[in-house]
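Comments concern the structure below.
The values are calculated or read from the model by the stated rules, or taken from the named source; none is laboratory data. Computed from a prediction, not measured in an experiment: that's the story for all the values here. In this analysis, Cβ positions are derived from the backbone assuming ideal geometry, glycine residues included, and neighbour counts consider all displayed protein chains.
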Amino acid sequence: MKIIHSFFIVFFVMGASFIQARPSVSIQNVAARQCFSLDGKWNYIIDPYETGYYDYRYKPYDEQVNPGNGAFYLDKKPANKSDLIEYSFDKSPTLWVPGDWNSQDEKLLYYEGTIWYRRIFDYQKKSSDDRVLVYFGAANYESDVYLNGKKLGKHIGGFTPFCYEITDLLRETGNSLVVKVDNKRKREAVPTLNTDWWNYGGITRDVSLIEVPHTYISDYLIHLQNKSDNVISGYIQLNEDVASQQVTVSIPELKLMTTLLTDSHGKACFNLKATHLERWSPEDPKLYQVEVSLGENKVIDQIGFRTIETKGTDILLNGKSVFLRGISIHAENPQRGGRAYSDADVRELLDAAKALNCNFVRLAHYPHSENMIRLADKMGILVWEEDPVYWTIQWENPDTYANAQQQLTDVIERDKNRACVIIWSMANETPVSDARTLFLKKLAQQARSLDNSRLISAALEVHGNPVDPNERIVEDPFADVVDVVSFNEYVGWYDGLPEKCDKIHWSISYNKPVLISEFGGGALQGLHGDAQTRWTEEYQEDIYARTVKMLSKIPQFRGTSPWILFDFRSPKRVLPGIQDGWNRKGLISENGVKKKAFYVLRDFYNQMEAKFAQPVKH
Ligand code: GCU
């Protein structure tokens, strides 16, 4: 039995890799499409032993030709009283979608493995010629999607959308959508095994059916060219390589409209000269209604127009030097202790950043949900988005690079029309080596080829000087590639005590803007004592007060995003009575109570706002 068993497992692994799944389709601005939500309660089966994939006892594994009755994706019911089916979605419990499983059930808090989700739905197409897609905002980490027993595809990456056409498989009633989600951490993954955040698994963002015409507008880019005088340019892309289709771009408030014909790739490019254009900015986050049409099919978006560039050590927003008054944020609802996804979740996070008088947020360490970016657009908060290339990635594994590149590509494609996004970050705290720097350079090349209108950065490496214990040197081969030199520093927490900030001097030889992407220290909210006592609010407060003074001596200092807005869950933080599974570097506790350091940073930002004040145009 043992030999046979292992044979089937080998056969299964080989078989699965050759099954042709369908490609993921891209679709820009899902919220503006004809959507049917599949959010709600989905039945689920916990499957730590991967039992649900195949039926090794009766038949050789072959997913599409003769799957065993045991394969969960078939969603089988017993045909008669003698039938052997050892699972039942109908009789299984339910999980809310969207939502990580860890925060929905105590039993699942630390669970890392596979869970199979199943949703039954009916769907009548509005028009027989239309196509129907199924869209996932994100699922962490590896997803296999099936409809009515047929494989749609596999998606790798826990924070970016994926979408499949299902027109050919769709029934009017009783559709069975099964999703296998596996959040096991892997050495070759992106991120890799070790991170300082909770490994929330599950279908963590919205799921929708989208009905579109047979030929539809799948993508578009509409933005203000940098170094241009109010020229709005971009392209419209159809889902098919079909030429001579008439498409229209209009911005009614600017009295701009143009009609174009697609080329043989189904693409049409345009330039529009705008007069009286109100630029988007934190002080005035002006969004224009933009309408792109193909015949009767119109897609409406809200788009802001601004320029972002660097000039020497300045970051220029609409040609004027800006200081990034930031804060780092994890995508977590602190009170629920679960992945953030809802409008209420993102509103809570960004309102708290606004209370700090931020004009900038660093969305660590992975792409956050689209509604977070769209809300930042509306609120006038500049955004740093990050590829989850975190710590000790497997730099020499080509599959790992392909994975990192795909996740970066997906987030750029999704958010390229959002004025608030100004920085694409390639990585966080990655130990310098030739392989690592080559990996990051290729990523930066990919980012610039997709979008040369935004700034490239990463949290770079810093080192000390054995001769001068008070010198900190920012020296990283990747600094030659980035537009903004960013780094994390923890003088006063991991590196000495707070008063050490007063002695430190920084050597940064790049003629580029400098952004300190992390600093800070831990404090248990409500624990008070003197500033020498670790974990008190006074200790954290002292780090902030001394750090802002220390950093202000750096001539290229143009912004910071201290670590971090809220306390957040991490399995690495195990100090009883203080951490208990939470990283305590938040300026606000998970119960929403501000710590003393919050006010130090807010006062500093009030000063910097006055120093860099831009007159608001009326
Ligand atoms: C690092 C890392 C963070 C981590 C933080 C900490 O700088 O970028 O993800 O949470 O330090 O140690 O708290």
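Just to be sure, is SER453 closer than 22 Å to ILE303 by Cβ and either of a type in the set (Ser, Thr, Tyr) or within 16 Å of the ligand (Cβ to nearest atom) (or both)? So SER453 passes the test.
Condition check ((1) closer than 24 Å to LEU152 by Cα; (2) in a strand (DSSP E or B)) across all residues:
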| residue | (1), (2) |
| --- | --- |
| GLU172 | yes, no |
| LYS186 | yes, no |
| ALA189 | yes, no |
| HIS223 | no, yes |
| SER228 | no, no |
| ILE232 | no, yes |
| GLU240 | yes, no |
| MET257 | no, yes |
| LEU277 | no, no |
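For the stretch 492-514, the criterion of being in contact with a Gly (Cβ under 7 Å, 6 or more places away or on another chain) and under 23 Å from VAL322 (Cα atoms) is met by at least one residue.
If you go through the stretch 371-407 and pick out every residue that is within 16 Å of the ligand (Cβ to nearest atom) and either among the hydroxyl-bearing types (Ser, Thr, Tyr) or out of contact with any Phe, Trp or Tyr (no Cβ under 8 Å at 6 or more places or on another chain) (or both), you end up with 3. Residues considered: LYS320, LYS311. Of these, the only one that is free of Cβ contacts under 8 Å to residues at least 12 places away in the same chain and closer than 24 Å to ILE508 by Cα is LYS311. For the stretch 500-512, indicate whether the set of residues that are within 14 Å of the ligand (Cβ to nearest atom) and either surrounded by 18 or more Cβ atoms within 10 Å (Cβ to Cβ) or modelled with pLDDT of 95 or more (or both) is non-empty. Scanning the stretch 500-512, I find no residue that is within 14 Å of the ligand (Cβ to nearest atom) and either surrounded by 18 or more Cβ atoms within 10 Å (Cβ to Cβ) or modelled with pLDDT of 95 or more (or both), so the answer is no. Touching a helix residue (DSSP H, G or I) at 6+ places or on another chain (Cβ under 9 Å), of a type in the set (Ser, Thr, Tyr) and within 16 Å of the ligand (Cβ to nearest atom): is that true of TYR366 in this structure? Taking the combined requirement at face value, the residue satisfies it. Against the criterion of being among the hydrophobic types (A, V, I, L, M, F, W, C) and within 16 Å of the ligand (Cβ to nearest atom), ALA523 qualifies.
Scanning the stretch 171-201 for residues that are surrounded by fewer than 18 Cβ atoms within 10 Å (Cβ to Cβ) and either over 21 Å from ARG569 (Cα atoms) or away from the ligand (no atom under 16 Å from the Cβ) (or both) returns ARG171, GLU172, THR173, GLY174, LYS184, LYS186, ARG187, GLU188.
For the stretch 261-275, the tally of residues that are assigned to a loop (DSSP other than H, G, I, E, B), at negative phi and modelled with pLDDT of 95 or more stands at 5.
Conditions tested, residue by residue: (1) hydrophobic (A, V, I, L, M, F, W, C); (2) closer than 30 Å to GLU112 by Cβ; (3) in contact (Cβ under 8 Å) with a residue 60 or more places away in the chain.
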site	(1), (2), (3)
HIS214	no, no, yes
LYS227	no, no, yes
VAL231	yes, no, no
THR248	no, no, no
SER264	no, no, no
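In the stretch 561-618, which residue that is modelled with pLDDT under 95 and surrounded by 13 or more Cβ atoms within 10 Å (Cβ to Cβ) is nearest to the ligand (Cβ to nearest atom)? For the stretch 561-618, the residue satisfying everything is PHE612.
Given the criteria within 16 Å of the ligand (Cβ to nearest atom), in contact with a Pro (Cβ under 9 Å, 6 or more places away or on another chain) and hydrophobic (A, V, I, L, M, F, W, C), does VAL432 qualify? In short, yes.
Considering the stretch 285-304, the residues that are part of a loop (DSSP other than H, G, I, E, B) and in contact with a Phe, Trp or Tyr (Cβ under 6 Å, 6 or more places away or on another chain) include one that is surrounded by the fewest Cβ atoms within 10 Å (Cβ to Cβ), namely LYS286. Of all residues in the stretch 88-109, those that are touching a residue at least 12 places away in the same chain (Cβ under 8 Å), surrounded by fewer than 19 Cβ atoms within 10 Å (Cβ to Cβ) and more than 22 Å from the chain's Cα centre (by Cα) total 4. Filtered by the rule that a residue be in a helix (DSSP H, G or I) and closer than 18 Å to ALA139 by Cβ, the stretch 326-351 gives a lone residue, ASP345. Counting only strands (runs of 3 or more DSSP E) that sit completely within the stretch 375-478, those holding 2 or more residues that are touching a residue at least 60 places away in the same chain (Cβ under 8 Å) and within 30 Å of HIS505 (Cα to Cα) correspond to 382-386, 421-428, 455-460. Among the residues of the stretch 503-528, the ones that are touching an Asp or Glu at 6+ places or on another chain (Cβ under 8 Å) and at positive phi come to 1 in all. State the number of residues belonging to the stretch 523-534 that are surrounded by fewer than 22 Cβ atoms within 10 Å (Cβ to Cβ) and either in contact with a Gly (Cβ under 6 Å, 6 or more places away or on another chain) or small (Gly, Ala, Ser) (or both). Residues meeting the conditions: 3. Quick one: would you say TYR544 is buried (at least 22 other Cβ atoms within 10 Å of the Cβ), under 25 Å from THR313 (Cα atoms) and within 16 Å of the ligand (Cβ to nearest atom)? Taking the combined requirement at face value, the residue satisfies it. Of everything listed in (1) in contact with a helix residue (DSSP H, G or I) (Cβ under 8 Å, 6 or more places away or on another chain); (2) over 23 Å from CYS163 (Cβ atoms); (3) polar (S, T, N, Q), the single unmet condition for THR258 is (1).
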